[in-house]
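Note sheet for the following structure.
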Ligand SMILES: Cc1ncc(C[n+]2csc(CCOP(=O)(O)OP(=O)(O)O)c2C)c(N)n1
Ligand SMILES: [Mg+2]
């Protein structure tokens, strides 16, 4: 057997032993040994293999798989610029604390520095953005290589998963020099399949962040004063629990994993600006990284209250203005007696404000007092009205059930949803580590595939929900290549909802956008050209070209049916005003 193939069998075998269930491969000559072993592992049922041409999309697919499952996916690429194409997803994984295993093939030492084709300096390419990296010399068939492969895989798995501390989880880079012969045919022996498969058929749906076993620093705090719990990305349901235990109001961003429960206050931006709130507030506890408002960092930097940060996955603790002096892993509430009083006197009024705010939402239902003819006319008018951002996000939120997944792009729509979403315990993902508009389609496909393939044997197919990806037109176009799905693979159950306002209208909301509009003429045109970047690409023709089902929505009446279900991968284009 070619030493490259033997090494790949041991390395990937050990990753499967440790829990890897998804392998992503982008084609290339230098990486043929691990790629062919990956294909054989899938043939014998040990892993799911996802093949993608574009390494940037492939890496975001792997990110989505890790995000949803909590288990790192391994991505295998060839040498050269292929490796650099992984960088955006590696950075997102680094900042958001998502486990990811990068396996790049490289030229052996004798081909380095001699102008060899497709050769660059790969070790250290992701410097500063990986938890750890290994530069593995080319295997030559010596006796110790099997043990080396197993040890390297184990170390990589540990570093990627945080070794019991998921806050430390993130991307790792294994740079594998591979020499001729680049591979030899290999069939997995039955004994190996039996050994590796013994627990491979029990995939854990997992979750991100996974359970923490590392030592934890716990803050015991008295539930005796008006407190706000703020939940940003990576917070998870523990923030909701903490709010209840502390008798605190809960300001949870829509992708925080804590946007539900009796203490949730949806219009948190407005409440933070309310003098009555600010006057009584005595403590703020922050979980994860809030990124969607200006009010949250303002509140924290303003000071004057006790500030506690609770660590979450990702490389940096959230600390605007470095105002938070105390970081812990967990907050436990003492003094349960006062919680009921606090809940009644402090939380309930703000929850009441929240309820009133939600009730003012755009109203589709006709006034019951209307005469029957007027009522029918009102209903007809309502369904014919154009879709606003608010009606779009509300419809997507309504359509999302606990067995579904929602992936939000870094467009205006995530902010719109964050402003108006009622409390609901559904799983929402968003790449807020760097809030890039890149890779959103592929991340969503990864989430969908992990969700539908992560079910336990006892769960029926009806438990498989739909993954909806909600994003703007530029974010969609940025990762349009992610729509390319190989025919040989299971199709993701996915609906990509494109809110098409023909450009990046998020910039119109900036001070510079308003200023440019005020000036008019050349300034307005220049702003549009370099910021909003108007575009009129046909989403329909793209959908058709990539073999996706396509639906176009122009009125409110068309919205709910378009979002409800899908027979195959589907794009719903929603026309929005600029
Ligand atoms: C990779 C990357 N490039 C650029 C940006 C800056 N950026 C943020 S939002 C945005 C435009 C988004 O446009 P669209 O997806 O159409 O959403 P809209 O604002 O129109 O709702 C851009 C270019 C980014 N976040 N990430
Ligand atoms: Mg747009």
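The values are calculated or read from the model by the stated rules, or taken from the named source; none is laboratory data. In this text, all values refer to a predicted model and were calculated from it rather than measured experimentally. As a convention, Cβ positions derive from the backbone with ideal geometry for all residues, glycine included, and neighbour counts pool all protein chains shown.
Yes or no, residue by residue, for (1) closer than 15 Å to residue 247 by Cβ; (2) in contact with a helix residue (DSSP H, G or I) (Cβ under 9 Å, 6 or more places away or on another chain); (3) surrounded by 15 or more Cβ atoms within 10 Å (Cβ to Cβ):
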{"position": "291", "(1), (2), (3)": "no, no, yes"}
{"position": "307", "(1), (2), (3)": "no, yes, yes"}
{"position": "319", "(1), (2), (3)": "no, yes, yes"}
{"position": "327", "(1), (2), (3)": "no, no, yes"}
{"position": "340", "(1), (2), (3)": "yes, no, no"}
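Restricted to the range 1-107, the set of helices (runs of 4 or more DSSP H) holding at least 3 residues that are surrounded by 24 or more Cβ atoms within 10 Å (Cβ to Cβ) and more than 19 Å from the chain's Cα centre (by Cα) comprises 3-18, 32-43.
Exactly one residue out of 69, 79 is in contact (Cβ under 8 Å) with a residue 12 or more places away in the chain and farther than 18 Å from residue 427 by Cβ: that is 79. I'd like to verify a number: residues in the range 491-504 that are over 16 Å from residue 64 (Cα atoms) and more than 16 Å from ligand 1 (Cβ to nearest atom), how many? Within the range 491-504, residues that are over 16 Å from residue 64 (Cα atoms) and more than 16 Å from ligand 1 (Cβ to nearest atom) number 0. Restricting 398, 415, 432, 389 to those that are away from ligand 1 (no atom under 16 Å from the Cβ) and under 30 Å from residue 262 (Cβ atoms) reduces the list to 398. Checking each residue in the range 325-343 for being outside any loop (DSSP other than H, G, I, E, B) and under 22 Å from residue 237 (Cα atoms) picks out 327, 328, 330, 331, 332, 333, 334, 339, 340, 342, 343. Every listed requirement among (1) farther than 27 Å from residue 390 by Cβ; (2) within 16 Å of ligand 2 (Cβ to nearest atom) is met by residue 492 save one, (2).
Select from the range 499-551 the residues that are within 16 Å of ligand 2 (Cβ to nearest atom), without any contact (Cβ under 8 Å) to a residue 24 or more places away in the chain and crowded, with 16+ Cβ neighbours inside 10 Å and list them in ascending order. Matches in the range 499-551: 513, 527. Please tell me if residue 484 is more than 16 Å from ligand 1 (Cβ to nearest atom), at pLDDT 95 or above and under 18 Å from residue 537 (Cβ atoms). In short, yes. Scanning the range 142-169 for residues that are touching a helix residue (DSSP H, G or I) at 6+ places or on another chain (Cβ under 6 Å) and at positive phi yields one hit, 162.
Within the range 133-141, does at least one residue satisfy the condition of being farther than 21 Å from residue 433 by Cβ, modelled with pLDDT under 95, assigned to a loop (DSSP other than H, G, I, E, B) and out of contact with any helix residue (DSSP H, G or I) (no Cβ under 7 Å at 6 or more places or on another chain)? The answer is no; no qualifying residue exists.
Residues of the range 425-446 that are within 16 Å of ligand 2 (Cβ to nearest atom) and surrounded by 24 or more Cβ atoms within 10 Å (Cβ to Cβ): 440, 441. Residue 475 meets the conditions (1) modelled with pLDDT of 95 or more; (2) part of a helix (DSSP H, G or I); (3) surrounded by 22 or more Cβ atoms within 10 Å (Cβ to Cβ); (4) more than 12 Å from ligand 1 (Cβ to nearest atom) in every case but one. The failed one is (4). One residue stands out in the range 552-578 among those that are touching a residue at least 40 places away in the same chain (Cβ under 8 Å) and surrounded by fewer than 13 Cβ atoms within 10 Å (Cβ to Cβ): the one that is nearest to ligand 1 (Cβ to nearest atom), namely 578. Among the residues of the range 447-460, is there at least one that is at pLDDT 95 or above, away from ligand 2 (no atom under 16 Å from the Cβ), closer than 21 Å to residue 505 by Cβ and buried (at least 23 other Cβ atoms within 10 Å of the Cβ)? No, the range 447-460 has no match at all. Filtered by the rule that a residue be buried (at least 18 other Cβ atoms within 10 Å of the Cβ) and under 15 Å from residue 12 (Cβ atoms), the range 146-163 gives 149, 152, 153, 156, 157, 160.
One line per residue, one yes/no per condition, for (1) away from ligand 2 (no atom under 16 Å from the Cβ); (2) modelled with pLDDT of 90 or more:
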site	(1), (2)
357	yes, yes
363	yes, no
370	yes, no
377	yes, no
382	yes, no
389	no, yes
410	no, yes
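Can you tell me how many residues in the range 478-498 are surrounded by 20 or more Cβ atoms within 10 Å (Cβ to Cβ) and either without any contact (Cβ under 8 Å) to a residue 40 or more places away in the chain or touching a helix residue (DSSP H, G or I) at 6+ places or on another chain (Cβ under 7 Å) (or both)? Final tally of qualifying residues: 10. Could you please let me know if residue 446 is out of contact with any strand residue (DSSP E or B) (no Cβ under 9 Å at 6 or more places or on another chain) and under 18 Å from residue 96 (Cα atoms)? So residue 446 does not fit the description; no.
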